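S.K.: First the structure, which I've put down as structure tokens, then a few questions once you've had a look.
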Amino acid sequence: MRIVVGLGNPGRKYTGTRHNVGFEVMHKLCHDHGIQMKSNRRFRAEVGEGNIGGVPILLLAPTTYMNLSGDAVMAALRFYKLPPSDIIVVYDDVSLPVGDIRVRERGSAGGQKGMADIIQKLGTDEFPRVRIGVGSKPPSWTLADYVLSRFLREEWDGFVQGVTLAGDAVACILKEGTPTAMNRFNKKQKRETDKPSDSKTE
């Protein structure tokens, strides 16, 4: 079994905010793979059991609020007696443009507090993750206010693209492995500045 964790904050007031794109990916995976989520007090999360590409999975959306996301993840890992490497965490990233995603095998939290709590409580950052771009905050905003804001009308297509790509990336990790997903989904989004230059030096 693998556990797919989508990060967000519970409650209607947070629905549709940038910080909740991890929850949106859980909803997409439920829709795509016929999975139903329900409340689980043991894990302090909404959970759904299913199968993606022949792999038994548990979708997990912590209801602990973002800063305590590690509690739900630890409870699920202990119950199923799984190592941290068997989780995939999906979460928002302000360092990526809206609609972009990045798949990684390991790494720091990059300032995302839910991810930081998971890493601290697991004692390792050696597990795959899918980061979804929500855009960088305007200079006049605090980071807290920005991630709890909703996407603008002109960002909506990018938001849908990011959630769709992230769901597809999770399925790819499960079926073909993280390195394949990194190659497939990260490569597509290389910036123009990553391309070789045709200019000549004098």
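S.K.: Based only on other Cβ atoms within 10 Å, what is the fewest-to-most ordering of Thr164, Thr142, Thr124, Thr64?
M.R.: So the ranking, lowest neighbour count to highest, is Thr142, Thr124, Thr164, Thr64.
S.K.: If contacts are Cα pairs under 8 angstrom and at least 6 residues apart, what is the relative contact order of the chain in percent?
M.R.: 24 percent
S.K.: Using a 10 Å cut-off around each Cβ, can you sort Glu154, Glu105, Glu46 from fewest to most neighbouring Cβ atoms?
M.R.: Final ranking by Cβ density, sparse to dense: Glu154, Glu105, Glu46.
S.K.: Taking other Cβ within 10 Å of each residue's Cβ, how do Lys13, Lys175, Lys113 sort, fewest first?
M.R.: Lys13, Lys175, Lys113
S.K.: Then there's this: At 30 Å minimum axial length over the Cα atoms and a Kyte-Doolittle cut of 1.0, report the qualifying DSSP H helices in the chain, or say none.
M.R.: Answer set is empty.
S.K.: Restricting the count to DSSP beta bridges whose residues both fall in the chain, what percent are antiparallel, rounded to a multiple of 5?
M.R.: 55 percent
S.K.: Mind giving me the FRET efficiency for Leu152 and Lys81? R0 is 35 Å, r the Cβ-Cβ distance, nearest 0.05 is fine.
M.R.: 0.20
S.K.: Any chance you could check the Cα centroid distance between the range 1-40 and the range 113-127 for me, in angstrom?
M.R.: First find each Cα centre; the distance between them is then 19 Å.
S.K.: Here's another thing I want to ask about it. For P(r) over Cα pairs in 10 Å bins from 0, in percent, one of (i) 9, 32, 29, 19, 8, 3, 1, 0; (ii) 10, 42, 41, 7, 0; (iii) 9, 37, 37, 12, 3, 1, 0 was computed from the structure I shared and the rest are decoys. Which label?
M.R.: Correct label, based on the coordinates given: (iii).
S.K.: Also: For Ala45, enumerate residues with amide H under 5 Å from its amide H, sequence gap 5+ or separate chain, H modeled in the peptide plane.
M.R.: Excluding prolines and chain starts, which carry no amide H, the hits are Asn40, Thr63.
S.K.: Further, regarding this structure: For the pair Lys137/Met74, report the inter-label distance in nm, with labels modelled 7 Å from Cα in the Cβ direction.
M.R.: If labels sit at Lys137 and Met74, their model points lie 2.7 nm apart.
S.K.: List the trypsin sites (Lys or Arg not before Pro) within the range 44-100 that fall in a DSSP loop (any state other than H, G, I, E or B) and whose Cβ has at most 15 other Cβ atoms within 10 Å.
M.R.: Here the sparse-neighbourhood loop sites are Lys81.
No value in this document is a laboratory result; all are computed from the given coordinates. None of these values were measured; they are calculated from a predicted model. For neighbour counting, all protein chains shown are included, and Cβ atoms are generated from backbone atoms with ideal geometry for every residue, glycine included.
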